[in-house]
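Heads up, the thing below is written out as structure tokens.
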Amino acid sequence: MDSFVIAGKALRSRLIVGTGKYKSFQETARALEASGADMVTVAVRRVNLDRNQESLLDYIDAKKYVLLPNTAGCYTAEEAIRAARLGREAGLSDWVKLEVIGDLATLYPDVQATLEATRVLVKEGFTVLPYTTDDVIFAKRLVDAGAAAVMPLGAPIGSGMGIQNQANMRILREMIISVPLIVDAGVGTASDAAIAMELGADAVLMNTGIAAAQDPILMAEAMKHAVIAGRQAYLAGRMPKKLYATASSPLEGVVK
């Protein structure tokens, strides 16, 4: 498969997975393995950073996975900046998936606060991957602020509704070319992941779509294959859509 690079870091998989909502740490570890992902997100505010006690971090092999701390649960730029700094000080990473939530019901991002936090963290040496809306203007501003990727939602976090904004995703794909475009949120099943990739996304980040499945391990494997298939279909270029039928076996040259 073609290479996938974020901020100079080459990754084998275009699937990035979260580590929340699983029934146990053991199930989390098995799902990560089945997904084939080599980058995983960890919520700084929800993980036990005391290594003297059992922690999610005990089940994630730092030699195998790239840790991507995230600022989940933050509602202001200041909170998100503080969480990112805490993750770095705890030795997790100087990379951060930046989330600044603006609304409790929809979990939509506060784009202005996200932009403010991106500027601060980039200046402090963080590699920032911001969760944002599908607004191409703000996406460009995030890139200008130094974001290493743009991560628009496909649908509200944890909704599992699939990619609800396909036209906007296509526009973002055309307009955002200097950094990776990563669909973040809304994926509910493998076909959703494939569609995201077919629209031109460089990668897909998901958590609930795997963790909330009846069989998370099997769903993680399905997502792995879906991302690969979607990427291959995008590179192959789909056939044009037509209103009327075209015979699979052309009639031209047929002897009557």
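Taking the Cα centre as origin and putting +1 on Lys and Arg beta-carbons and -1 on Asp and Glu beta-carbons, what dipole magnitude results for the stretch 1-82, to the nearest 20 debye?
100 debye
Of 171, 101, 163, which has the largest mean-square fluctuation in a 10 Å C-alpha GNM of the chain?
Fluctuation is largest for 171.
Which distance in nm do the two modelled labels at residue 106 and residue 78 give, with both placed 7 Å along the Cα-to-Cβ direction?
Distance between label points: 2.6 nm.
Might you report the magnitude of the Cβ-based charge dipole of the stretch 173-256 about its Cα centre, with Lys and Arg at +1 and Asp and Glu at -1, to the nearest 20 debye?
The dipole magnitude comes to about 420 debye.
Mind checking the log10 I(q)/I(0) for the stretch 86-183 at q = 0.13 Å⁻¹? Debye, one equal scatterer per Cα, no solvent, two decimals.
Ignoring solvent entirely, the Cα scatterers give -0.44.
Which angle between 0 and 90 degrees, to the nearest 10, do you get for helix 111-123 versus the longest principal axis of the chain when only C-alpha atoms count?
With both axes taken from Cα atoms, the answer is about 70 degrees.
How much of the DSSP bridge set in the chain is antiparallel, in percent, rounded to the nearest 5?
15 percent
Report the gain in length on full extension from residue 217 to residue 136: 0.36 nm times residue separation, minus Cα-Cα distance, nm rounded to one decimal.
Once the chain is fully extended between residue 217 and residue 136, it gains 25.7 nm.
For helix 25-35, report the angle its Cα long axis makes with the longest principal axis of the Cα atoms of the chain; keep it between 0 and 90° and round to the nearest 10°.
Roughly 30 degrees, rounded to the nearest 10.
Most mobile of 167, 149, 194 per a Gaussian network model of the chain (Cα springs, under 10 Å)?
Answer for the Gaussian network model of the chain: 167.
Return the lysines within reach of residue 123: Cα separation strictly under 16 angstrom, same-chain partners fewer than 8 residues apart disregarded; answer none if there are no such residues.
Within reach: 97.
For the ranges 75-81, 135-141, what's the packing order if you count other beta-carbon atoms within 10 Å of each residue, average per peptide, and put the highest first?
Going from most to least packed, we get 75-81, 135-141.
With contacts defined as alpha carbon pairs under 8 Å and 6 or more residues apart, what's the relative contact order of the stretch 40-113 in percent?
Taking the mean separation of contacting Cα pairs over the length of the stretch 40-113, I get 30 percent.
Cross-link partners among aspartates and glutamates for residue 64, C-alpha distance below 12 Å, same-chain residues fewer than 8 apart left out?
Reachable aspartates and glutamates: 33, 38.
Can you order the peptides 240-246, 218-224, 107-113 by their average number of other Cβ atoms within 10 Å per residue, highest first?
218-224, 107-113, 240-246
In nanometres, what is the gap between the two model label sites at residue 64 and residue 5, each 7 Å from Cα along Cα-to-Cβ?
Result for the modelled spin labels: 2.7 nm.
So how strong a dipole does the stretch 92-222 carry about its Cα centre when Lys and Arg Cβ are +1 and Asp and Glu Cβ are -1, to the nearest 20 debye?
It works out to roughly 260 debye.
What nm value, rounded to one decimal, do you get for the distance between residue 249 and residue 27 when each label is placed 7 Å out toward the C-beta?
Here the modelled spin labels are 5.1 nm apart.
Residue 167 to residue 94: FRET efficiency via 1/(1 + (r/R0)^6), r the Cβ-Cβ distance, R0 30 Å, to the nearest 0.05?
Rounded to the nearest 0.05, the efficiency is 0.25.
Can you work out the accessible area per residue across the stretch 141-256, with the rest of the protein chains kept in place, probe 1.4 Å, in square angstrom?
For the stretch 141-256, the per-residue accessible area is 53 Å².
For the chain, what are Rg and Dmax over the alpha carbons, in angstrom?
Spelled out, the Cα radius of gyration and Dmax of the chain are 19.4, 82 Å.
The values are calculated or read from the model by the stated rules, or taken from the named source; none is laboratory data. Worth saying up front: this structure is predicted, and the values here are computed from it rather than measured. FYI the Cβ positions are ideal-geometry reconstructions off the backbone, even for glycines, and counts take in every protein chain you see. For accessibility, only protein heavy atoms count, side chains too; no ligands or nucleic acids. Shrake-Rupley method; radii C 1.70, N 1.55, O 1.52, S 1.80 Å.
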